[in-house]
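To keep things clear, I will list the structure first and then write my remarks on it.
The values are calculated or read from the model by the stated rules, or taken from the named source; none is laboratory data. The structure presented is a predicted model; accordingly, all values stated were derived computationally and were not measured. Backbone-built Cβ (ideal geometry, glycine too); neighbour counts: all protein chains shown.
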Amino acid sequence: MSWLHHHPDDLVERFEPAEALAQLRQQATLTPEQLPKLDVYLHHWTLVVLQRADDPDGVQEVLTLCEIASDLTPASSEGSTMRQRWSGFQDLLEGKRRTLRLRASSAAVPMQLKQQDTILQIITQAEGGRVKQLDLVERLQLSKGRVSQILGVLESRALITRQRQGKESWVSLAQPGAAPLSPVQPHVPVPTTAVSHIGANVFALRKAA
């Protein structure tokens, strides 16, 4: 008996995407009765993984589920409708997958700022190996706020250090071997309610006794 004989609510609660993927790979085709149940399942888990901040494996699992489900769907009017819906899910999931991959790549190799080499050269050539932050504002022809942002990034990468002396802020090169600063992670409130799904509202299917 197929795993899709369960009520959609039970499918969502009992089967994680990895388990559903293993079950779906054992099927030769999908029946018309199974299509709406699987649609509820795919809709629910697509919403779940899209809301997760960092779950590339989960995104890939649901993306593969949608692809296999489309391949197993019979050529019928209802089947064509489902394939179009699941294609939309795939587009959303693929966008999320690319975003996560780009974010991971950027984190592994920090992008060099446009003004980085210029700032480091100005500091190196300055008398005493240090320069006033206001002098950098004048030399770079940027706003005070923008220069402060750039210096903050360079400081977090252990390239420069900033020291306050009176009303002046001085910038110098960081000492060799200085460790990068850990970025402050923003506080994200933990949701108190679970992610809901549309199964009970969309399909009035009675649970098996």
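Worth pointing out:
- Within the range 127-146, the residues that satisfy the criterion of being within 20 Å of Arg157 (Cβ to Cβ) and either touching a strand residue (DSSP E or B) at 6+ places or on another chain (Cβ under 9 Å) or outside the structural domain of Gly166 (by TED's automatic domain parsing) (or both) are Gly129, Arg130, Val131, Gln133, Leu136.
- Residues in the range 48-64 that are of a type outside the set (S, T, N, Q) and over 10 Å from the mean Cα position of the chain (by Cα): Val48, Asp57, Gly58, Glu61, Val62, Leu63.
- Extreme residue, surrounded by the fewest Cβ atoms within 10 Å (Cβ to Cβ), among residues of the range 1-17 that are in contact (Cβ under 8 Å) with a residue 24 or more places away in the chain and touching a helix residue (DSSP H, G or I) at 6+ places or on another chain (Cβ under 6 Å): Asp9
- Criterion (in contact with a helix residue (DSSP H, G or I) (Cβ under 7 Å, 6 or more places away or on another chain), of a type in the set (S, T, N, Q), part of a helix (DSSP H, G or I) and surrounded by fewer than 18 Cβ atoms within 10 Å (Cβ to Cβ)) met by exactly one of Gln23, Gln27, Gln84: Gln23
- Taken together, Arg97, Arg85 contain a single residue that is out of contact with any Asp or Glu (no Cβ under 9 Å at 6 or more places or on another chain) and of a type in the set (Lys, Arg), which is Arg97.
- Enumeration of residues in the range 65-85 that are within 23 Å of the chain's Cα centre (by Cα) and within 20 Å of Pro8 (Cβ to Cβ): Leu65, Cys66, Arg85
- Note on the range 65-81: among residues that are assigned to a helix (DSSP H, G or I) and hydroxyl-bearing (Ser, Thr, Tyr), the one that is modelled with the lowest pLDDT is Ser77.
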